[in-house]
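Asker: Sending over a structure as structure tokens; questions will come in a sec.
Derivation of every value follows stated rules applied to the coordinates shown; laboratory data play no part. The structure presented is a predicted model; accordingly, all values stated were derived computationally and were not measured. Cβ sites come from the backbone with ideal geometry, for glycine too, and all protein chains shown count toward neighbours.
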Amino acid sequence: MGKSLVSYVKKESFFKAVVEDGSDIIFIVDYAGRILYHNRSVKETLGYGPNALTGKTFFDFIYPPTLSTFKKAYTRSTQKKFNESVEFQFRCKDGTYRYLEFNSINLLQKEKINGLILDCRDIEQRKKDADELLRAQKAKDLFLANISHEIRTPINGIAGMASLLHQNPNAAEQATYLHAIQSAADNLKVIINDILDLASIESGKLKFEQIGFNLNDLLQSLIDTFSLQAAEKEIRLLYSLQPEANRIFLGDPVRLNQILLNLIGNALKFTQQGSISLNCRILNKKKNRWVLSFEVTDTGIGIPKDKLGSIFESFSQADASITRKYGGTGLGLTIVKQLVTLQKGTISVKSKERAGSTFTVKIPYRVADSQEVLSQENKLMVQKKSLRHLSVLLAEDNDINRLYASSILKIWDCQIDWAENGLVAVEKIKNTDYDIVLMDVQMPIMDGLEATKVIRNGVPSKNKIPIIALTANATRKDIEECLAAGMNDWVIKPFTPEDLYHKLSSIKVLPQQKKAPPRIDLSHLKKISNNDEKFIHDILQALLKTFPETVTQIQQLTRENDWNLLRKIVHKIKPSLTMIGLKSTHEKAVRIEELTKGQINDLKISKLIERFCYDLLEAAEDIKTVF
């Protein structure tokens, strides 16, 4: 029977049908598994040259643990005319195994030959994709189980402590319970923020700021944040900054802070003894764009070598037991990776089990001169003035959320009105002038989306009013629905005061509010000049230039801790303050002079200087109204 099969292989019709077709791997084998022919595609996929496998036994190349199962499928193929989709692993020339799949044609029925034509296809990638999908699904299921536990734990703590507060505890117990509630709420916020950050990144909605920041200030603040935790665990927490990198850069300090917070937090979580160090240095300089390196090194539990490739993946930690023992969402490093990548940076890790890990982040930043940064700070201080008398309608049905948002708005001296649902919001907008609307999306009777559509289409005189969505939903679809309904922007719950302020400041509010009356008083200037208009005009013009310049100088000297020169500049500006009636600002100047003569209290002096500079910038704005 073998000879007849060999003669079949040599038939011209076979070579036309099979040999010239190089797309699939073709084997001709007898029922015993002896290979009588294979085509050239074996070389491309498996590495074997022409006729290299002829005369060999097919079974000898099957992955041994699966050989028994494969032989059963092979035997079934000898008993059928056709057989389809038989998967197997075949040994390549380099010793590795590759996933293939064959469809078989039995030659017995048509040719009366005990042999098979095996049409094999490479399914290696398909198997990898299937395995990856299964792994990702398992990881996601594990994440959902973990996150459910992580969310329930602080919620149970908050509910339990709140219940205890109702039982008339003494003052010490109240303080303990309130501290526990605050701690649980902070933990819950971290978890939720991780999920929301990932959603924002994946939806492509995350935006990066380009503002000035000082690396030394940022790193020192980071170390201060973790110093208490490190001290409690008796772990040394160190940082170093290359002297040349102690300057002002333009970028997003909030996102850099988030990256380093995550890395140091992880290091602290997984380190029981030893030290954690944060080292920052310059890698290279190209004109005014420098690449900075941030290395976080710990002496913790380390990461197994086979897990290093997966620690940056979503819903993943090196080991499921890590989540159970140390907590967390498994999203932290995923967010870090994406935040770094979106800033055109890179992140890498070196680790050894029971010896520690080093995470290295490299991000390019533009070098900024101090004038550029200070002008941004001045602009921000002026912007804060714009929230005074801002008329806001807060459409929110939840009492706690409404109290939180209202309290923040009151701090900024906003005029606040509120509506418990979208229908009430629409009616109030018809009858009252507001500068901006904060609109909760999910409300009873009429939700925020429907209310926005009604305002845009049914309130002609008010249809241009800026509307910011307040939403707990952060998916791309949810955000697109808000924008499609006519909303201008959105704030994701839970939000910080900074989040809300940034949105309110970025929206161009229509000039509906009344300007606050000028704080300056020119009566003294008029008196000493005998009401000389030209003299008054020249003085005000000079002050309009001097005040912002003085603010720039003061802020620079504050950074440099040059208190002697700062005191001289403040002393020099004092007569001008008296001249235009800025009594409270003059009192601040006197206080600054006093504080800079003795032992410096950084926190106290910095707050006073901030308020003093703010007064000068506001005075400059008021002077503009005189002309």
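Asker: I'm a student and want to see the number: the projected area of the Cα convex hull of the range 386-506, averaged over all directions, in nm².
Answerer: On the way: hull surface 26.5 nm².
Projected over every direction and averaged, the Cα hull of the range 386-506 covers 6.6 nm².
Asker: Given 5 Å bins starting at zero, what is the percent of C-alpha pairs of the range 258-315 in each, up to the one with the largest pair distance?
Answerer: In order of increasing distance, the bins hold 4, 15, 18, 22, 18, 12, 7, 3, 0 percent.
Asker: Which ³J(HN,Hα) values in Hz, rounded to whole numbers, follow from the phi angles of the range 350-362 under the Karplus curve 6.51 cos²θ - 1.76 cosθ + 1.60, where θ = phi - 60° and Gly and Pro get x?
Answerer: 10, 8, 9, 4, 6, 10, x, 9, 10, 9, 10, 10, 10
Asker: Rg/Rh for the range 206-261 to two decimals, with Rh computed the Kirkwood way over all alpha-carbon pairs. Each step should come with its number before you reach the end.
Answerer: On the way: Rg = 12.9 Å, Rh = 12.5 Å.
In the range 206-261, Rg relative to Rh is 1.04.
Asker: Filter the cross-link list LYS410/LYS572; LYS285/LYS545; LYS545/LYS588 down to pairs whose alpha-carbon distance in this structure exceeds 26 Å.
Answerer: Details: LYS410/LYS572 36 Å; LYS285/LYS545 36 Å; LYS545/LYS588 21 Å.
Check vs 26 Å cut-off fails for LYS410/LYS572; LYS285/LYS545.
Asker: In terms of modelled amide H atoms, which long-range or inter-chain residues lie less than 5 Å from the amide H of ARG34?
Answerer: PHE58
Asker: Take every Cα-Cα pair in the range 211-371 and report what % of them are more than 23 Å apart.
Answerer: On the way: 4758 of 12880 pairs.
Of the Cα pairs, 37 percent sit more than 23 Å apart.
Asker: Let a ≥ b ≥ c be the square roots of the eigenvalues of the Cα gyration tensor of the range 523-626; is it rounded (a/c under 1.5), or, if not, prolate (a/b larger than b/c) or oblate? Don't jump to the answer; show the numbers that get you there.
Answerer: Values: a/c = 2.47, a/b = 2.06, b/c = 1.20.
Since a/c reaches 1.5 and a/b is larger than b/c, the shape of the range 523-626 is classed as prolate.
Asker: Go ahead and collect, in residue order, the members of the range 101-115 whose backbone nitrogen is under 18 Å from a label point 7 Å along the Cα-Cβ direction of PHE59.
Answerer: Hits in the range 101-115 for PHE59 at 18 Å: 114-115.
Asker: Post the alpha-carbon centroid distance, the range 210-288 to the range 417-446, in whole angstrom.
Answerer: Each part reduced to its Cα centre gives a spacing of 44 Å.
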